[in-house]
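Comments concern the structure below.
The values are calculated or read from the model by the stated rules, or taken from the named source; none is laboratory data. Please read all numbers here as calculations on a predicted model, not as lab measurements. Here the Cβ positions follow ideal geometry from the backbone for every residue, glycine too, while neighbour counts run over all protein chains shown. Ligands, DNA and RNA are stripped out before the accessible areas are found, and what is left, the full protein with its side chains, is counted by its heavy atoms. Shrake-Rupley method; radii C 1.70, N 1.55, O 1.52, S 1.80 Å.
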Amino acid sequence: MKIEKSINIFNKRARFEYEILEEIEAGMVLTGTEIKSLRSSKASITEAFCQFIDGELYIINMMIDEYKFGTFYNHKTKRERKLLLHKRELQKFEKKLKDVGNTIIPLKLYINDKGKAKILIALGKGKKLFDKRESIKDRENKRNLDRILKKS
């Protein structure tokens with residue numbers, strides 16, 4: 001069974017706000033109306049973050065809109081959703097999270113070839129103001145270089 005349309009929801013602010021140290025793919029525990037809403041691209045992960053609760057990793061503040069055709073079985077839009085990772089991966093992330101300034105943030109929410117909802121999470125360290133200015137400067141220099149190359 002192959003799904004034709006792939007859903008990609010990105011967190012554009014994450015790479016600007018954080019220096020990405022390590023990335024990993026995780027599954028999510030979702031209800032029926034949540035996955036239906038995701039398939040119609042009604043989700044946002046820009047304000048989301050991950051947190052350990054009782055040794056399990058949860059994504060908090062992720063917005064999945066209510067399913068349009070759902071009845072009273074519809075889900076809450078901003079509930080905590082459990083992430084599915086191997087025990088080794090959870091322990092590794094928990095150990096690295098104890099360092100000052102590290103946090104786990106979602107980068108991308110998508111549906112894979114098998115039709116399963118996956119989320120790409122990353123261990124990130126918050127950037128300082130001068131780091132953000134430097135990344136803006138690099139982006140502008142790259143744009144100018146691309147313009148010059150295109151003209152010639």
Among Glu47, Glu22, Glu140, residue whose mean-square fluctuation peaks in a GNM of the chain (springs only between Cα atoms under 10 Å): Glu140
Accessible area, probe 1.4 Å, largest first, for residues His75, His86: His86, His75
Cα-centre dipole for the range 8-127 with unit charges at Cβ (Lys and Arg positive, Asp and Glu negative), debye to 20: 200 debye
C-alpha long axis of helix 129-151 to longest principal axis of the chain, angle in °: 70 degrees
Rg and Dmax of the chain, Cα atoms only, in Å: 18.0, 61
Crossing angle, helix 87-97 versus the chain [Cα axis fit, 0-90 degrees, rounded to tens]: 50 degrees
Whole-angstrom gap from the range 103-134 to the range 44-77, using each part's C-alpha centre: 16 Å
Those aspartates and glutamates that a straight Cα-Cα span of less than 19 Å connects to Lys151, excepting residues fewer than 8 apart in one chain: Glu140
Filter on Lys68/Lys114; Lys96/Lys118; Lys92/Lys125 - keep pairs with C-alpha separation over 19 Å: Lys68/Lys114; Lys96/Lys118
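So what's the back-of-envelope 222 nm ellipticity for the chain, counting only DSSP H runs of four-plus at -39500 (n - 2.57) apiece and dividing by all residues, rounded to 500?
The helix contribution divided over the chain gives -9500 deg cm²/dmol.
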Cross-link reach list, lysines versus Lys150, counting only Cα pairs under 28 Å and skipping chain neighbours closer than eight places: Lys12, Lys132, Lys137, Lys142
Options Leu120, Asn141, Ile7, ranked by Cα towards positive dipole end of the chain, top entry (Cβ charges): Asn141
